[in-house]
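*Asks:* Can you keep this structure in mind? I'll have questions shortly.
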Amino acid sequence: MLTIRDLTKTYANGVRALDGISLDIPRGMFGLLGPNGAGKSSLMRTLATLQEADAGSAILDNGDGPAIDVLRDKDAVRRQLGYLPQDFGVYPKVSALDLLEHFAVLKGLTNRKQRREVVDGLLHQVNLWNVRKQKLGGFSGGMRQRFGIAQALLGDPRLVIVDEPTAGLDPEERNRFLNLLAEIGENVAVILSTHIVEDVTDLCPSMAIVNKGKVLLSGEPNAAIAAL
Ligand code: ADP
Ligand code: ADP
């Protein structure tokens, strides 16, 4: 699904955040595990076309349609990608329904009836239908993250990237959120970046551990962690 080879990135301050990352990411849930500062966000931002790599390649090939060169065909990637960044912010005075509608318009869903169907479907899917008319400022962390997922799913992406989504959630909201991700992972590739081991062992069939910009190991979680 996503083939990453020898990705490198050194920031202007001299920090080498990506030091030759190679990964084969299949369909379904893929966990990217590593401590703070490992390079996870740098990798996620690079794949989301929000920052440039210095060298290497990333090819997205979902089987239908031509393969996409992630580092060069940015428009094509953006059409296929849903991204929930770590520092995802919301407009506190706007309702969930209104903001999701707004993002749907920006995504090019210009037909009003069709847009309404998509937005309503997503609000149901992330379990925010009952609170859709409430302002986002009153939402809990978990509700915000679920709203973020609805936003990321607009446009029917083939690849969804979620960066440290469970940080700060209480156990119940965390479970709820991870179950939602697992459901989504049945249909699309989901890359879950996290520093929490259980996020990965609980629901990712495959994973990689990164540290200091390098892949330490990758594979099936329990086997991989046992090998550490
Ligand atoms: P720009 O100079 O293009 O505005 P920034 O240097 O502000 O970019 O950084 C862009 C993103 O990277 C921001 O989200 C910022 O918080 C984050 N960032 C910047 N410096 C660091 C750092 N040393 N460690 C981790 N994140 C950083
Ligand atoms: P993680 O997401 O695993 O915490 P990051 O990709 O945020 O890791 O950071 C990897 C390294 O790169 C860290 O040393 C961090 O301080 C540094 N870093 C991240 N973003 C920037 C930036 N925009 N400018 C300079 N250094 C950065």
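The values are calculated or read from the model by the stated rules, or taken from the named source; none is laboratory data. Values in this document were obtained by computation on a predicted structure and should not be read as measured data. Note that we place each Cβ from the backbone using ideal geometry, even for glycine, and neighbour counts take in every protein chain shown. The area values use the complete protein model at the heavy-atom level, side chains included, leaving out ligands, DNA and RNA. Shrake-Rupley method; radii C 1.70, N 1.55, O 1.52, S 1.80 Å.
*Asks:* Specify whether the C-alpha gyration tensor of the stretch 73-112 places it in the rounded, prolate or oblate class, a ≥ b ≥ c being the square roots of the eigenvalues: rounded for a/c under 1.5, otherwise prolate if a/b is larger than b/c and oblate if not.
*Replies:* Judged from the Cα gyration tensor, the stretch 73-112 comes out oblate (a/c at least 1.5, b/c at or above a/b).
*Asks:* Considering only protein heavy atoms, what is the solvent-accessible area of Leu33 at a probe of 1.4 Å, reported in Å² to the nearest 10?
*Replies:* 10 Å²
*Asks:* Pull out a ≥ b ≥ c, the square roots of the eigenvalues of the alpha-carbon gyration tensor of the stretch 77-205, then state rounded if a/c is under 1.5, prolate if not and a/b is larger than b/c, and oblate in the remaining case.
*Replies:* Taking the square roots of the gyration eigenvalues as a ≥ b ≥ c, the stretch 77-205 is oblate.
*Asks:* Starting from the Cα gyration tensor of the stretch 23-126, take the square roots of the eigenvalues, sort them a ≥ b ≥ c, and report rounded, prolate or oblate (rounded when a/c is under 1.5, otherwise prolate if a/b is larger than b/c, else oblate).
*Replies:* Prolate, since a/c reaches 1.5 and a/b exceeds b/c.
*Asks:* Here is a further query. Measure nothing fancy, just the Cα-based angle from helix 141-153's long axis to the longest principal axis of the chain, in degrees from 0 to 90, nearest 10.
*Replies:* Helix 141-153 sits at roughly 80 degrees to that axis.
*Asks:* Distances longer than 21 Å among the Cα atoms of the chain: what percent of all pairs is that?
*Replies:* Summing the P(r) of the chain above 21 Å gives 55 percent of all pairs.
*Asks:* Here is a follow-up. Taking the solvent-accessible surface of protein heavy atoms with a 1.4 Å probe, what is the per residue accessible area of the stretch 143-228 in Å²?
*Replies:* 42 Å²
*Asks:* Could the peptides 219-226, 82-89 be put in order, highest first, of the mean number of other beta-carbon atoms found within 10 Å of their residues?
*Replies:* Packing proxy ranking, top to bottom: 82-89, 219-226.
*Asks:* Follow-up question, since we're still on this one. Between the stretch 76-133 and the stretch 1-67, what's the alpha-carbon centroid distance in Å?
*Replies:* The distance from the Cα centre of the stretch 76-133 to that of the stretch 1-67 comes to 26 Å.
*Asks:* Using amide H atoms built 1.01 Å from N in the peptide plane, name the residues 5+ places from Val190, or on other chains, whose amide H lies under 5 Å from its own.
*Replies:* Hits under the 5 Å cutoff: Gly28, Met29, Phe30, Val160.
*Asks:* Can I ask one more? How high is the relative contact order of the chain, in percent, counting Cα pairs under 8 Å that sit 6 or more residues apart?
*Replies:* 30 percent
*Asks:* Considering only protein heavy atoms and a 1.4 Å probe, what is the carbon-and-sulfur percentage of the accessible area of the stretch 115-179?
*Replies:* 42 percent
*Asks:* Please compute the volume of the convex hull spanned by the alpha-carbon atoms of the stretch 164-228 and report it per residue in Å³.
*Replies:* Dividing the Cα hull volume of the stretch 164-228 by its residues yields 89 Å³.
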